[in-house]
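Working notes for the structure below.
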Amino acid sequence: MSDPWSRPDPLIVDRATELRDSADLDAATAIVVTEGRLLASAGRLVELPPAEHPEARLRVYLGRENGRDLIAIVPADPSFADGYDGIGGERLVGLRDLLQPFAAHGAEGLRDRELGSTAVALEAWHASHGHCARCGAATEPVKAGWVRRCPADGREHYPRVDPAVIVAIVDEADRLLLAHAAHWSPKRFSILAGYVEPGETFEQAVHREVWEESGIELTHVAYAGSQPWPFPASVMVGFTARTDATEASVDGEEITEARFVSREEIIALVADGEVVLAPHGSIARRLIESWFGGPITDPAPDERIDV
Ligand SMILES: [Zn+2]
């Protein structure tokens, strides 16, 4: 298919890992990330030439694109955002709120999502891994932000990625299981997801999570794609599955409601505002629309901020 959002994603930006020791970060083009928010304008990342780099608390080498180096800068000045109050359109926007705008920009948006996800993930990792897990000494970033080294014992610490599984389950009538989690906004419904535990395969995690959250047993569990999910450090591993069950039995704590819906029902629920699905650009939305057989239109205007 020609739509880059509907196929397994090829690597878009060359990470050029061999250049992490040698790239000239001062001469790179920079995107800006601070506290999980990215400098964006009109649904695209803003790119700053070297002369416009803010003073950096942290710089991460993102790779090479069209003969130029790309980096992410975490500004040293916490009031950096004050200089971007929307005049000219540039402002700091959370990655979650950018998923849908990115999705509207096709291949360029997919490239921005890749760079933005990397920048947000690395910023969060540095912010929470400032000390050596072995000896407790303060660590320092090396390898252009891809490693933290302990000066006391020389140990190198690498960025963490915590896998989580997400699964689109259909029953024998080809209805999709939609669930509501207790901590979501009231009308948010999506497919089931959960973290992989140590010692599990992804498929085993799918079976366990679905059983715990809905009391449903699965057949035909099959891999369907993945998406970085740096909130703060995950990758979502997507699956499809079938079940003989016709209804769910939720725990009432983590998941408060779950039921199978037909295509006609989901269209009506979304149109009436009774159900708010995950945003376009998320793997949850992609799996739901893959089952549905095409895009599902959200009622306008939606709750999300205009970016
Ligand atoms: Zn140490």
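Brief remarks follow.
- Fluctuation leader among P101, P230, P159 - the chain, Gaussian network, Cα springs under 10 angstrom: P159
- The smallest convex shape that holds all Cα atoms of the range 73-150, its convex hull, gives 117 Å³ per residue.
- Rounded to the nearest 500, the 222 nm mean residue ellipticity of the chain from helices alone is -6500 deg cm²/dmol, with -39,500 (n - 2.57) taken per DSSP H run of at least 4 residues.
- Kirkwood Rh in Å, taken over the range 4-128 so that all alpha-carbon pairs contribute: 14.7 Å
- One chain, two ends: A16 and R188. Fully extended at 0.36 nm per residue, the span grows by 58.0 nm beyond their Cα-Cα distance.
- Carbon plus sulfur fraction of accessible area for the chain, probe 1.4 Å, in percent: 51 percent
- In the distance distribution for the range 162-292, Cα-Cα pairs more than 17 Å apart total 55 percent.
- Per residue accessible area in Å² of the range 56-201, where ligands, DNA and RNA are left out and the probe is 1.4 Å: 46 Å²
- Computed magnitude of the charge dipole of the chain (debye, nearest 20; Cβ of K, R +1, Cβ of D, E -1): 820 debye
- Extreme residue, positive dipole direction of the chain, given options L269, I71, A119 (C-beta unit charges): I71
- DSSP beta bridge pairing in the chain, given as percent antiparallel to the nearest 5: 75 percent
- Centroid-to-centroid separation of the range 191-221 and the range 34-56 [C-alpha atoms, Å]: 38 Å
- At full extension, H220 and H131 could sit 27.7 nm farther apart than now, given 0.36 nm per residue minus the alpha carbon distance.
- The residue list Y158, A168, P186 was ranked by how far each Cα lies along the charge dipole of the range 122-187 toward its positive end, using unit charges on Cβ atoms, and Y158 comes out on top.
- Normalised size of the range 133-205, defined as Cα radius of gyration per 2.2 N^0.38 Å with N residues, equals 1.78.
- Between E35 and Y195, the simple spin-label model (points 7 angstrom out along Cα→Cβ) gives 2.4 nm.
- Shown here for the range 164-247: trypsin sites (Lys or Arg not before Pro) in loop regions (DSSP other than H, G, I, E, B) with at most 10 other Cβ atoms within 10 Å, of which there are none.
The values are calculated or read from the model by the stated rules, or taken from the named source; none is laboratory data. In this text the structure is predicted, and so the values were computed from the model without any measurement. Methodologically, a virtual Cβ is constructed for each residue, glycine included, from the backbone with ideal geometry; neighbour enumeration extends over all protein chains shown. Note: areas computed on protein heavy atoms with side chains; ligands, DNA, RNA excluded. Shrake-Rupley method; radii C 1.70, N 1.55, O 1.52, S 1.80 Å.
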